[in-house]
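Here's the structure, in structure tokens; my notes come after.
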Amino acid sequence: MKLRSQKALSLLRRSLTPNRPYHAQWLLTRRCNYRCRSCSIWSEKQGAEEISTDEVKRGLDVFRKLGVVEVVFSGGNPLLREDIDEILDYASRFFITTVYDNGSLAVEKIDALRNVDFVAISLDTLDKKKLDYIKGVPGAWEKAMDAIETLQREEISVVISPTISRLNQHEIVDFTRYFIKQGLPVLYCLYSYDYPTENRLFGIGKKIDEFELTDRGVLAKICDELIEMKREHPGVFITTKVLDALKQFSLNGQRTWKCEALRSFFIVDHLGRVAGCHLRQPVTSILELSDQWNSERFEDLRKEYSRCDRCTYLCYIVYSLHANIWGNLEIVRDQWKNMRLLRTKNRQVPSPVNDLSFRRS
Ligand code: SF4
Ligand code: SF4
């Protein structure tokens, strides 16, 4: 309890500190046990080399020194790391900590997940066959739903993380309604793909026509409906500001934000290399980051990135739009509301797996 209130106070203090990064995403591994159609990670041929546990912890100490508030662990599947329990335990003491799983490992690794703030399970649809198709693995839907049910039962904070694409655009509002009725927040990604470049940290998103959102009106309508739903319910885990910006962008292509890569957010890979985003080249290593943070070189890079408009990855948009102190506080308020929703409802609700009303296949 004492540790929790110390953490809350420290997070508040950091949120109110100007000119420090809010969000760091650490892609701890390039290993993955799934074969998602829109992802390039699993098809890479590369060694299993990864930064050690001790170096990850030292990197997290660097985050603290810089004033980072929120850490997201992803991959690959970060739960494939043998030391994930130690990493999550350490990170959860200091940061709002989220870890991603594709739904396949959360049950097996459940003890590692007990202290994190959010376990995000990737799930794009309530249609079993469709999810298995998207993930490229038979049984993916059953596993994800089982993971959600188990985490809920164990009172671990689970959030549902769909990627909005052409394959699920018409069901995403009902999908959201379904889960928030169960007391489960929904945290969105938007289908996006990497632009061709040699000088990037690594690739994630693959261009697949059937995923691409081509009807501008549909995305704008989703934003409108989520804004409306958000007025009445916690659980739509994206701020109204982002939904408004996304709506404008989908209707007229106008970006109402400047990219804040390497200022408000940055990314670290499995080898401890740091970049503004995964589409930019590495600029330093995690252990040298605090020496570089206030350098002229980093200021020049920030200026260059702020003029960039080459990607629409939703997490980068979120932390660009919410880059200042007030913006940070809006995110913290959203997170707090969703944590409260989880705490108050997780224990009482019927499990989604047992409620068959939404199963379509
Ligand atoms: S999207 Fe995630 S779960 Fe799917 S293959 Fe890529 S890293 Fe693995
Ligand atoms: S817009 Fe920002 S996050 Fe996207 S590629 Fe450019 S620098 Fe990276």
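Between GLU228 and THR214, the modelled labels are 2.7 nm apart [label points 7 Å from Cα along Cα→Cβ]. Taken along the Cα-to-beta-carbon direction at a fixed 7 Å, the label points for TRP336 and GLU198 span 5.0 nm. Can you tell me how the range 129-253 classifies by the Cα gyration tensor, rounded, prolate or oblate, using a/c under 1.5 as the rounded cut? Oblate, because a/c is 1.5 or more while a/b does not exceed b/c.
Which of the peptides 187-198, 24-35 is most tightly packed, and how do the rest follow, judged by the mean count of other Cβ atoms within 10 Å per residue? It would help to have the intermediate numbers written out before the result.
Values: 187-198: 16.6, 24-35: 20.5.
Highest to lowest by the protection proxy: 24-35, 187-198.
At a Cβ-Cβ separation cutoff of 4.7 angstrom, cysteine residues of the chain with no neighbouring cysteine are CYS32, CYS189, CYS223, CYS259, CYS277, CYS308, CYS311, CYS315. Bridging of LYS57 to lysines at a Cα separation below 26 Å is possible for LYS2, LYS7, LYS65, LYS109, once same-chain residues fewer than 8 apart are set aside.
Inter-label distance, GLU154 to GLU288: 4.0 nm, where each label sits 7 Å from its Cα along the C-beta direction.
Subtract the Cα-Cα distance of THR256 and LYS45 from 0.36 nm times their separation in residues, and report this length gain in nm to one decimal. Before the final figure, lay out the partial values.
Details: separation 211, 0.36 × 211 = 75.96 nm, distance 3.82 nm.
Working it through step by step, the gained length comes to 72.1 nm.
Each residue in TYR22, TYR313 was given a count of other beta-carbon atoms within 10 angstrom of its own, and listing them fewest first yields TYR313, TYR22.
On alpha-carbon atoms, Rg over Rh for the chain using Kirkwood Rh? List each step's numbers first, then the result.
Values: Rg = 19.1 Å, Rh = 20.6 Å.
Radius of gyration relative to Kirkwood radius: 0.93.
Note on LYS207: lysines with a C-alpha under 18 Å away, same-chain residues under 8 apart excluded, are LYS135.
Antiparallel as a % of all DSSP beta bridges within the range 22-342, to the nearest 5? List each step's numbers first, then the result.
Numbers: 5 of 31 bridges.
Within the range 22-342, antiparallel bridges account for around 15 percent of the total.
Evaluating 6.51 cos²θ - 1.76 cosθ + 1.60 at θ = phi - 60° for every residue in the range 24-31, the Karplus couplings come out as 10, 10, 10, 8, 5, 8, 9, 7 Hz, glycine and proline recorded as x. Within straight-line reach of LYS45, meaning a Cα separation under 17 Å, sit the following lysines at least 8 residues removed in sequence or on another chain: LYS206. Couplings 3J(HN,Hα) of the range 50-61, computed from phi: 8, 5, 6, 4, 4, 5, 4, 5, 5, x, 5, 5 Hz, in residue order, whole Hz [Karplus 6.51 cos²θ - 1.76 cosθ + 1.60, θ = phi - 60°; x for Gly and Pro].
Here, each number is a calculation from the coordinates, and none is a lab measurement. Every value quoted in this text rests on a predicted model; they were computed, and no experiment measured them. Don't worry about glycine lacking a Cβ; one is built from the backbone with ideal geometry, like all the others, and counts go over all protein chains shown.
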